[in-house]
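S.K.: This structure is in structure tokens; I'll ask about it shortly.
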Amino acid sequence: MDSKIILKAKPLKGEITVAADKSISHRAVIFSALARGESIIKNLLAAEDIQSTCRCMKNLGVDIQERNSTLVIKGGGLQGLKEPNRVLDCGNSGTTMRLLTGVLSAQPFFSVLTGDHSLNQRPMRRVIEPLQLMGAELQGRQGGNYPPLAIKGGKLKGINYSSPVASAQVKTAILLAALNANGVTEIWEPEKSRDHSENMLAAMGASIQVDGLGIQIQSGQELSALEFLVPGDISAAAFFLVAATIVPGSELKICDIGVNPTRTGIIEVLQQMGANIKLENQRTIGGEKMADIIVTASQLKGVKIEGEIIPRLIDELPVLAVAMAVAEGESEVREAGELRIKETDRIAAICGELGKMGVAIAELEDGFRIKGKEQQLQGVRVDSHGDHRIAMSLAVAGLIAEGETIIGNAEAVNISFPSFWNTLEKISR
Ligand code: S3P
């Protein structure tokens, strides 16, 4: 178990890239495996969660090779997977497990999905319920809600489903099952979640229509193999957006970041708080928007957020709490109860750990309330709770704390951003 020591930072300066987009990387691997022919994926995220997806796909008989730092996947079509002769281990990755549950429900064989201690405590009913409505035979612990999951795949039928949660994982699991089901499937979301799956399926030639919060997909159409370029992950860039905003005198350029509007809630809220963030060199590659982001330090004011913005910045809320801690006045996050069922209970984790550093933060059932600038942050011993985003958020808090911040279980960053500590060191010199 590694600890990392963070000291109060000098101005952060320079030009960086960050880890590749985790959501797009999972999808590129899984969708390529279901396509027919050779797909080429450039800049795939090299981190533990994507290794979990690749490992599972290899155990399903998919040919995945690395050539000159690009990944080449030979897809065998929608029915080209093979029955695995071992349990599929999704590690810490909820996206791997939920997306594969959708894929495997519609394959003509038996499979079992498991995960690490954290993942095996995360709810799966949200994907199991719609898949059962499609005719899938699925079992799991505690009445089917928790992994390990046992899947007896078979013939499914299209459904018309209104999801109670705005979850891209649920949406994508249904879309993946729908590709192999009979007839048309319609999905409705309460709010718009990230739409990388819709973009990728359309680019691969699937018959998919999106109309506001509704999606319609026709089954049975083969996907065409593609060449992908995965953009930098805005969820990884978020740590540096906040860091450069709150460390006085900072000026940072973060290059090649995915700025799909279903993901840019963090930029909008930081700007609303008074952050100085500009997008340059905007372009669209493979149906996804990309840009370079320039951020300079500025004074922030408190903000209240809830509603449709929440799914557009759900993974950034722990680091947004750090920005709120140094903002003038009170901030509040509501309707973010989903945070409690991520890699850890992120509401409890961030409130507990920032509280130890002297932040006036109150835990609410569905969010938190922060009185900004109440007290100078103090460097103390804190813990990541084994959660990559909590580890990186605490590192950002450490940059403005007096004294040493010691982050326990710092190796958690390897889940999504293995070079995080090196990147931080590079701009702190
Ligand atoms: C993801 C969707 C979100 C997000 C997660 C990645 C995805 O989860 O929090 O980190 O790639 O589809 P939910 O679908 O549970 O909201």
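The values are calculated or read from the model by the stated rules, or taken from the named source; none is laboratory data. Everything numeric in this text was worked out from a predicted model, so none of it was measured. Cβ atoms come from the backbone with ideal geometry, glycine included; neighbour counts cover every protein chain shown. Accessible surface is based on the protein model in full, side chains and every heavy atom, while ligands, DNA and RNA are left aside. Shrake-Rupley method; radii C 1.70, N 1.55, O 1.52, S 1.80 Å.
S.K.: Please state the shape class of the stretch 82-150: rounded when a/c is under 1.5, otherwise prolate if a/b exceeds b/c and oblate if not, all from the C-alpha gyration tensor.
M.R.: Oblate, because a/c is 1.5 or more while a/b does not exceed b/c.
S.K.: Putting +1 on Lys and Arg Cβ atoms and -1 on Asp and Glu Cβ atoms, find which of Ser167, Ile208, Ala244 reaches farthest to the positive end of the dipole of the chain.
M.R.: With unit charges placed on the Cβ atoms, the residue in question is Ile208.
S.K.: In addition: Please state the charge dipole magnitude for the chain, taken about the Cα centre, from unit charges on C-beta atoms (+1 on K and R, -1 on D and E), reported in debye and rounded to the nearest 20.
M.R.: Taking the Cα centre of the chain as origin, the dipole is about 500 debye.
S.K.: Could you tell me what percent of the accessible area of the stretch 47-141 is made up of carbon and sulfur, with a 1.4 Å probe and every protein chain present?
M.R.: 45
S.K.: Of the cross-linked pairs Lys42/Lys289; Lys253/Lys289; Lys171/Lys304; Lys22/Lys58; Lys301/Lys356, which ones have a Cα-Cα span greater than 21 Å in the structure shown?
M.R.: Lys171/Lys304; Lys301/Lys356, as the Cα separations exceed 21 Å there.
S.K.: Roughly how much of Lys371 is accessible, in Å² to the nearest 10, using a 1.4 Å probe?
M.R.: Using a 1.4 Å probe on the heavy atoms, I get roughly 100 Å².
S.K.: Taking a quarter of the surface of the convex hull around the Cα atoms of the chain, what do you get in nm²?
M.R.: In nm², the orientation-averaged hull projection of the chain is 18.2.
S.K.: Near Ile40, within a Cβ-to-Cβ distance under 10 Å, what is the net charge of the other residues, with Lys and Arg +1 and Asp and Glu -1?
M.R.: 0
S.K.: For the stretch 22-229, build the charge dipole from Cβ charges (+1 Lys, Arg; -1 Asp, Glu) around the Cα centre, then report which of Leu44, Leu223, Gly80 sits farthest towards its positive end.
M.R.: Selected residue: Gly80.
S.K.: Moving on to the next point. Let a ≥ b ≥ c be the square roots of the eigenvalues of the Cα gyration tensor of the stretch 281-429; is it rounded (a/c under 1.5), or, if not, prolate (a/b larger than b/c) or oblate?
M.R.: Taking the square roots of the gyration eigenvalues as a ≥ b ≥ c, the stretch 281-429 is rounded.
S.K.: Ok, one more. Quick check: from the Cα gyration tensor, does the stretch 22-229 come out rounded (a/c under 1.5), prolate or oblate?
M.R.: It is rounded, given that a/c, with a ≥ b ≥ c, falls under 1.5.
S.K.: If we count every other residue with Cβ under 14 angstrom of Gly61's Cβ, Lys/Arg +1 and Asp/Glu -1, where does the sum land?
M.R.: Within the 14 Å Cβ shell, the charges total +3.
S.K.: At a Förster distance of 22 Å, what's the computed FRET efficiency of Ile285 paired with Phe110, Cβ-Cβ distance as r, to 0.05?
M.R.: After rounding, the FRET efficiency stands at 0.05.
S.K.: Restricting things to Cα coordinates, could you compute the convex hull volume per residue of the stretch 280-330 in Å³?
M.R.: 108
S.K.: Within the stretch 309-328, name every residue whose backbone N is under 16 Å away from a label modeled 7 Å from Cα of Glu363 along the Cβ vector.
M.R.: Under 16 Å, as judged by backbone N against the label point of Glu363, lie 318 of the stretch 309-328.
S.K.: Please work out how much length the chain gains when fully extended from Asn145 to Glu268, using 0.36 nm per residue of separation minus the C-alpha to C-alpha distance, in nm with one decimal.
M.R.: 40.8 nm
S.K.: Residues with beta-carbon under 9 Å from that of Lys192, excluding Lys192: net charge, scoring Lys, Arg +1 and Asp, Glu -1?
M.R.: Residues close to Lys192 contribute a combined charge of -2.
S.K.: Among Leu156, Thr284, Ser118, flag the residue with its Cα farthest along the positive direction of the charge dipole of the chain, charges on Cβ as +1 for Lys/Arg and -1 for Asp/Glu.
M.R.: Farthest towards the positive pole: Leu156.
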